[in-house]
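The values are calculated or read from the model by the stated rules, or taken from the named source; none is laboratory data. Source: prediction; values computed, not measured. Cβ sites come from the backbone with ideal geometry, for glycine too, and all protein chains shown count toward neighbours. These area figures cover heavy atoms from the full protein model, side chains too; ligands, DNA and RNA do not enter into them. Shrake-Rupley method; radii C 1.70, N 1.55, O 1.52, S 1.80 Å.
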Amino acid sequence: MTKSGNVLPLLAVGTTLVFWASAFVAIRHLADDFSAGPLTLARMGVAAIALAFFALRDGLPRPTRKQWASITVIGVLWFSIYHLALNQGEVWVDAGTAAMLLQVSPVLVAVLAAVFLGERFTTPLVIGLLVAFAGVALIGLSGNGDSDVDSGKMLLGALLCVVSAVTYSVSLILQKPLLTDLTAVHVTWLACGIGAITCLPFGPSLLSEAADAPTSSLLWLVYLGVFPTAIAFTTYAYALRHMTASSLGVTTYLVPPITIVMALIFLGETPPTVAYVGGVLALVGVAIARRSPARRAAAAAAKEPAPA
């Protein structure tokens, strides 16, 4: 339930989930024509350009020095390192598997909250973390049915997807306070711009690869920058402004099944059976970690008859 009681945040979440799921498919498709760095630069550059009109419509945003620090970290972590790791990871793992691996992020958010926000590090959190990462390890060792990718590269691809999950988790915690004073469009636009700037060294490679890429791949590249990035990250930030971070994080569990269906339709690929088992383990670990003693006590109290 959103704090505003409005349906718009829920529509924003739905928009984000569909576009983010399609991003895993687009990245996998573009891996033959663009390497990780140039793909990240192009995606962030297109997104920054697409958002510029809306961000500047009411004048330049004026973040405080502290807000600039957070936006810069988000730009480097989420809009640069996250995508670099994910783009390279998807060279060695299929789209559905990559989407499942990123679903350990709610557990990581809980760990970061315990370390940096003083929240209690509970026994369910520890158990859930172990179960979730057992699932991640199983996915990484499962293989993807591609004889050209050895198990070592599969494991490295899985680890890169986990790096993306870590950077996402840190960024989510940093982004929440920013949305109290800044609009979702401004935060997303500034972070995209910073992400693009950090990837500028890949500019020459991007020009070279774009010159050799077919028109269809260039169109996919524009789609990736406009829809799963400019629009989806903005709608996600909007939803985060009206929902708690933990409630919003749970919705991303819907991304893997959407991704698997899209990957089957557009790429003709599905994760191996063992990867599904690992994905279930990861989600079970997240569920265990999120079941705190306080919630169990509240649930038990709710079942007791009310006093007369």
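Only helices enter the 222 nm calculation for the chain: every DSSP H run of n ≥ 4 contributes -39,500 (n - 2.57), and dividing by all residues gives -24000 deg cm²/dmol, rounded to 500. Classify the chain: rounded, prolate or oblate, from the alpha-carbon gyration tensor (a ≥ b ≥ c, eigenvalue square roots; a/c under 1.5 rounded; otherwise prolate if a/b is larger than b/c)? Oblate.
Note on surface exposure: 66, 176, 153 rank 66, 153, 176 by accessible area, highest first, 1.4 Å probe. For segment 1-136, the convex hull drawn through the C-alpha positions has a volume of 164 cubic angstrom per residue.
Under 16 Å from a label point set 7 Å out along the Cα-to-Cβ vector of residue 245, the amide N atoms of segment 153-180 belong to 165-180. Using the Cβ-Cβ distance between residue 284 and residue 115 with R0 = 30 Å, the FRET efficiency computed as 1/(1 + (r/R0)^6) comes to roughly 0.85.
A straight chain from residue 153 to residue 10 at 0.36 nm per residue would run longer than the Cα-Cα distance by 47.7 nm.
For the set 18, 93, the ranking by accessible area, highest first and with no ligand, DNA or RNA atoms included, is 18, 93 under a 1.4 Å probe. Just the protein heavy atoms count here, and of the accessible area of the chain at 1.4 Å, carbon and sulfur take up 70 percent. Distance between the C-alpha centres of segment 219-242 and segment 64-85: 16 Å, rounded to the whole angstrom. Ranking 90, 269 from most to least accessible surface, computed with a 1.4 Å probe over the protein chains only, gives 269, 90. Heavy atoms of the protein chains alone define the surface here; on that basis the chain has 46 Å² accessible area per residue at 1.4 Å probe size. Scanning the chain for DSSP H helices at least 15 Å long along the axis (C-alpha atoms) with a Kyte-Doolittle mean no lower than 1.0 picks out 8-30, 36-56, 105-116, 123-142, 151-178, 184-198, 215-225, 255-266, 273-290. Put simply, the convex hull of the Cα atoms in segment 18-97 casts, on average, a shadow of 6.2 nm². Put a dot 7 Å past the Cα of residue 52, heading toward its Cβ, do the same for residue 180, and the two dots end up 3.3 nm apart. Taking all protein chains as they are arranged and a probe of 1.4 Å, the heavy atoms of residue 32 leave approximately 140 Å² accessible to solvent. For residue 27, the shell of other residues with beta-carbons less than 12 Å away shows a net charge of -2, using +1 for Lys and Arg and -1 for Asp and Glu. Which residue, 266, 79, 116, has the most motion in a Gaussian network model of the chain that connects Cα atoms within less than 10 Å? For the chain, modelled as a Gaussian network with Cα springs under 10 Å, the answer is 116.
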